[in-house]
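Enquirer: Sharing a structure, written as structure tokens. Questions coming.
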Amino acid sequence: MRIKTINRLATPVLGAVFTMGVTGLMDVRVASAQSTPTYDDAAVQKGLQITPVTLDFTGRDRNQVGYGSYLVNAAGGCNDCHTNPSFKAGGDPYKGEPKMINTAGYLGGGTAFGPFNSRNLTPSVDGPVTGNLTNFKRVMRTGVDLKQLHPQISPLLQVMPWPVYGELTDRDLDAIFAFLSSIPCVEGGPGEKANRCAAPAPTAVASPKDLNTFDNQIQLDATKSTSANAGPLTYRWTVAPGSPTAAISKADTPTPIVQFPTGPAKYTFDLTVTDSAGRTATDRVSVNFARSAF
């Protein structure tokens, strides 16, 4: 009787434990399924519709970017402060004109507010203006001025209504960051370096220039070539079109050896240097080879 009583008690307890286990597993699966944010389709479509510039969706969630556009362009007034001027000539709605946003300077900053200027929010060749999502959220939540452009006044951003935008959810801020990362780069802006939209190409320097020689073998030199991003360069030496043919040894190095098979003749060689980002530059040298009479 005692054993049966224990069994009768044990059955519902084990059943409850099993049920709780299954329920817990189901909760994990539901939580996992809900970890991917979903966005109101109407807001997404509206955001994509009113975006004034071409977006880069590479590696991004189109719905997230669209929702971010909705928050920036419909719910927020980012364009009013961060685009200078905000509207094209003849497209200022405050003058009763059909609205036409200044797409060339869209969110590129430069609007003056007393001693302050609105910042450039567009991404550069180095990435998003804040560097990463963590920095972006920190700015939006705390107002910290990462560039410290006015430390004599405050370490916090002024005029920018970050105390309001800081109340947005993580999902909202994630979407805004995705949108700002997808818009075209605009040059300029307070505290921004030059050539932020396209880093300058490398510089190719080939020598010797206009050399006259009796030697049937010389060395060319590209060691003074430079890379704008301080990265490595690759080299390619070729005989220029229209030049007599000559043998180039180690043509993929900065200091190849050239041998002249015949002379006298004028030989021309082209140098192409390529940096780590695939940008190229070229230079040319000419060599007058006169076979020695001795």
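Enquirer: Assuming 0.36 nm per residue, please report the length gained on full extension of the stretch Ala230 to Leu133 beyond their Cα-Cα distance.
Expert: Stretched out fully, the Ala230 to Leu133 stretch lengthens by 32.3 nm.
Enquirer: If packing is taken as the average number of other Cβ atoms within 10 Å across a peptide's residues, how do 173-179, 202-208, 65-71 rank, most packed first?
Expert: Top to bottom by mean Cβ count within 10 Å: 65-71, 173-179, 202-208.
Enquirer: Right, something else. Where both partners of a DSSP beta bridge lie in the chain, what percent of those bridges are antiparallel, to the nearest 5?
Expert: 90
Enquirer: Can I ask one more? Please find the FRET efficiency linking Asp170 to Phe57, where r is the Cβ-Cβ separation and R0 is fixed at 25 Å, and quote it to the nearest 0.05.
Expert: FRET efficiency, Asp170 to Phe57: 0.70.
Enquirer: Using 1/(1 + (r/R0)^6) with R0 = 45 angstrom and r between the beta carbons of Ser207 and Asp80, what's the FRET efficiency to the nearest 0.05?
Expert: FRET efficiency, Ser207 to Asp80: 0.25.
Enquirer: Here's something else I'd like to know. To test your reading of the geometry: what angle, between 0 and 90 degrees and rounded to tens, separates the Cα axis of helix 2-33 from the longest principal axis of the chain?
Expert: The angle comes out at about 40 degrees.
Enquirer: Rank Leu173, Ala228, Ile257 by how far each Cα sits towards the positive end of the charge dipole of the range 167-294 (+1 on Lys, Arg Cβ; -1 on Asp, Glu Cβ) and give me just the farthest.
Expert: Sorting the options by dipole projection puts first Ile257.
Enquirer: For the range 184-294, what is the number of Lys pairs with C-alpha distance below 24 angstrom, counting only pairs 8 or more positions apart or on separate chains?
Expert: 6
Enquirer: Which of the residue pairs Lys46/Lys137; Lys99/Lys147; Lys99/Lys137; Lys46/Lys99 have a Cα-Cα distance greater than 27 Å in the structure shown?
Expert: Those over the limit are Lys99/Lys147; Lys99/Lys137.
Enquirer: Using Cα positions and a limit of under 15 Å, work out the aspartates and glutamates in reach of Lys95, with same-chain residues fewer than 8 apart set aside.
Expert: Those aspartates and glutamates meeting the cut-off are Asp80.
Enquirer: Still on this model: Just to be sure I understand the model, the point goes 7 Å from the Cα along the line to the Cβ. What's the resulting Thr280 to Lys193 distance in nm?
Expert: Distance between the two pseudo-spin positions: 2.6 nm.
Enquirer: Tell me the relative contact order for the range 61-163 as a rounded percent, counting alpha carbon contacts under 8 Å between residues six or more apart.
Expert: That works out to 16 percent.
Enquirer: With a probe of 1.4 Å, find how much accessible area the chain has per residue, and write the answer as a whole number in Å².
Expert: 58
Enquirer: Give the angle, between 0 and 90 degrees and rounded to the nearest 10, that separates the Cα long axis of helix 133-142 from the longest principal axis of the Cα atoms of the chain.
Expert: 60
Enquirer: Could you calculate the FRET efficiency of Glu97 with Val159 from 1/(1 + (r/R0)^6), where r is the beta carbon distance between them and R0 is 41 Å, rounded to 0.05?
Expert: It comes to 0.95.
Enquirer: When the Karplus curve 6.51 cos²θ - 1.76 cosθ + 1.60 is applied with θ = phi - 60°, which whole-Hz ³J(HN,Hα) does each residue of the range 175-190 get, with x for Gly and Pro?
Expert: Per-residue couplings from phi come out as 5, 4, 4, 4, 5, 5, 7, 9, 7, x, 6, 10, 5, x, x, x Hz.
Enquirer: How high is the relative contact order of the chain, in percent, counting Cα pairs under 8 Å that sit 6 or more residues apart?
Expert: Relative contact order for the chain comes out at 14 percent.
Enquirer: Please flag any cysteine in the chain that has no other cysteine's Cβ under 4.7 angstrom from its own Cβ.
Expert: Lacking a cysteine Cβ partner under 4.7 Å: Cys78, Cys81.
Enquirer: Roughly how many percent of the accessible protein surface of the chain is carbon and sulfur, given a 1.4 Å probe and a whole-percent answer?
Expert: After summing per-atom areas, the C and S share lands at 57 percent.
Enquirer: Let me ask something else about it. In the range 24-157, with Lys and Arg counted as +1 and Asp and Glu as -1 at Cβ, which of these residues, Gln152, Phe136, Asn102, has the Cα nearest the positive end of the dipole, that is, farthest along it?
Expert: About the Cα centre, the residue reaching furthest to the positive side is Gln152.
Enquirer: Please compute P(r) over all alpha-carbon pairs of the chain, binned at 10 Å starting from zero, and give each bin as a whole-number percent.
Expert: 6, 18, 18, 13, 12, 13, 10, 5, 3, 1, 1, 0, 0
The values are calculated or read from the model by the stated rules, or taken from the named source; none is laboratory data. Bear in mind the structure is a predicted one, so any value in this text is a computation, not a measurement. Positions of Cβ are backbone-derived with ideal geometry, glycine not excepted, and every protein chain shown enters the neighbour counts. Remember, those area values only see protein heavy atoms, side chains included, never the ligands or the DNA or RNA. Shrake-Rupley method; radii C 1.70, N 1.55, O 1.52, S 1.80 Å.
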